[in-house]
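Okay, so here's the structure we're looking at.
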Amino acid sequence: MGATAAAAAVAVLLFAVVACCAAAPPQLKHATISGNAGNVLQDNPVGKIKVFVYEMPRKYNHYLLEKDGRCLYHMFAAEIFMHQFLLASAVRTMNPEEADWFYTPVYVTCDLTQQGFPLPYRAPRIMRSAVQYIAATWPYWNRTEGADHFFLAPHDFGACFHYQEETAIQRGILPVLRRATLVQTFGQRNHPCMQSGSIIIPPYANPQKMQAHLISPGTPRSIFAYFRGLFYDMGNDPEGGYYARGARASVWENFKDNPLFDMSTEHPSTYYEDMQRAIFCLCPLGWAPWSPRLVEAVVFGCIPVIIADDIVLPFADAIPWEQISVFVPEADVPRLDSILASVPPEDVVRKQRLLASPAMKQAVLFHQPAARAGDAFDQVLNGLARKLPHGKGAFLNPGEKVLDWNAGQESDLKPW
């Protein structure tokens, strides 16, 4: 029996198992979900942490949003909703002297090109200007030079603030943020754009939009492997060897004619419904290792197939990614069909049961306008709470300086 035939035989078995089990999904309690940190998904951060929210001039946030409302809907929108959440959160303190953490609400991904992409040369200037403002207006930054401050940086390559990796690496993390805690979507081990202690978050995916596309939980999962997206970036990398480190091109070239793989560059109106009919959803890296596709797969109970070497996943100490996903090294993409076909049916069902837990779905969603217990906002706060108390090196001696305000690329030092 050939590899494709064997895969098809296993797929038929999986379809039968899933169709059988989908009609009556098990009701799991949050405490039964175990990862590296046990049942941390249900932790309540209230009472464990106090956050002071700086009141910034509107040019750093509201005016940018008023100028271009598209940033409310793109995958970087967590920086906006985190601000709105904290203003009404029980962890907020109006007394900065009792704060554990300080938050600067600045919307660096809200300054967009005509095509809807964040302007890479403006983001570091906006952020640097914001830090200069809080350092000049309040005494708290200067006590630690940011060691008890956190910043949202949901950019392609975090606080390197560029969508092209080579340019991001050349720029590096903005020097004035190198003592702060970065809350960012980008996570990759041993990468210049990820500093120690960062909190990796999921990209924003609209919860209400996904809710509107839910189908019956009893619908059989008749699609073996599903993917919609680019395989080649013809404008920037027509050969396909650099974009996604060649992984997406390899997926297409190896499996475009395989009947088990439902793949296309088209994005149909039934995209969300299709994910709910699929067993495996491919989540390969693109220019960066992350995308909203991972969030969508979790929400729709489709087992994420993560193809991104060295990726650091969102809230990895709270979400048991190893138990709900399949990891495929980029070099093994040509064997993707046999790898997925060899996953035992009982493992498929177990992963689907974990994915069916409401707590699992909540943890990757930034619910708004009203947050929900255990959602991504809570996961960020829990991540900050676990970093307390601050180490001895956080607080500087009077007059002591560590950061070089003149460091960085010349273009980033221009005023904003």
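Couple of notes before you dig in:
- Just one of the listed residues (Gly172, Gly187) is touching a Cys at 6+ places or on another chain (Cβ under 9 Å) and under 30 Å from Gly393 (Cα atoms), namely Gly172.
- Odd one out for Gly229, checked against (1) surrounded by fewer than 13 Cβ atoms within 10 Å (Cβ to Cβ); (2) closer than 16 Å to Pro289 by Cα; (3) not hydroxyl-bearing (Ser, Thr, Tyr): (1)
- Remark: pairs (first residue in the stretch 214-228, in a loop (DSSP other than H, G, I, E, B); second residue modelled with pLDDT of 95 or more; Cβ separation under 7 Å; 6+ apart in sequence or on different chains) = Ile215/Glu273; Ile215/Gln276; Thr219/Gln276; Thr219/Arg277; Arg221/Arg277; Arg221/Ala278; Arg221/Ile279; Ser222/Arg277.
- Beta carbons closer than 9 Å, at least 6 apart along the sequence or on distinct chains, pair a first residue in the stretch 67-78 that is farther than 21 Å from Gly158 by Cβ and part of a loop (DSSP other than H, G, I, E, B) with a second that is of a type outside the set (S, T, N, Q) and at pLDDT below 90 for Asp68/Asp111; Asp68/Leu112; Asp68/Gly116.
- Answer residue from the stretch 366-416, given it is among the polar types (S, T, N, Q) and open to solvent by 50 Å² or more (accessible area, probe 1.4 Å) and is farthest from Tyr103 (Cα to Cα) among those: Gln409
- All positions within the stretch 114-149 that are in contact with a strand residue (DSSP E or B) (Cβ under 8 Å, 6 or more places away or on another chain), crowded, with 22+ Cβ neighbours inside 10 Å and not in a strand (DSSP E or B): Met127, Trp141, Asp148
- Test: residue in the stretch 309-316 that is in contact with a Gly (Cβ under 7 Å, 6 or more places away or on another chain) and part of a helix (DSSP H, G or I): no
- Within the stretch 195-213, the set of residues being touching a strand residue (DSSP E or B) at 6+ places or on another chain (Cβ under 7 Å) and either farther than 30 Å from Trp252 by Cα or assigned to a strand (DSSP E or B) (or both) comprises Gln195, Gly197, Ser198, Ile199, Ile200.
- No other residue among Glu330, Glu346 is over 26 Å from the mean Cα position of the chain (by Cα) and open to solvent by 20 Å² or more (accessible area, probe 1.4 Å) apart from Glu346.
- Tally, over the stretch 321-340, of residues that are part of a helix (DSSP H, G or I) and touching a helix residue (DSSP H, G or I) at 6+ places or on another chain (Cβ under 8 Å): 11
- Cβ pairs under 9 Å, 6+ apart, first in the stretch 86-110 and farther than 19 Å from Asn44 by Cα, second among the charged types (D, E, K, R) and open to solvent by less than 10 Å² (accessible area, probe 1.4 Å): Phe102/Asp148; Pro105/Glu79; Val106/Glu79; Tyr107/Glu79; Val108/Glu79; Thr109/Glu79; Cys110/Glu79
- Per-region count, the stretch 282-332, residues closer than 24 Å to Pro344 by Cα and small (Gly, Ala, Ser): 5
- Residue in the stretch 80-113 that is surrounded by the most Cβ atoms within 10 Å (Cβ to Cβ), counting only those that are over 24 Å from the mean Cα position of the chain (by Cα) and in a helix (DSSP H, G or I): Pro96
The values are calculated or read from the model by the stated rules, or taken from the named source; none is laboratory data. Every value quoted in this text rests on a predicted model; they were computed, and no experiment measured them. Here Cβ is always computed from backbone atoms with ideal geometry, including for glycine, and neighbour counts include all displayed protein chains. Calculation scope for accessible area: heavy atoms of the full protein, side chains included, ligands and nucleic acids excluded. Shrake-Rupley method; radii C 1.70, N 1.55, O 1.52, S 1.80 Å.
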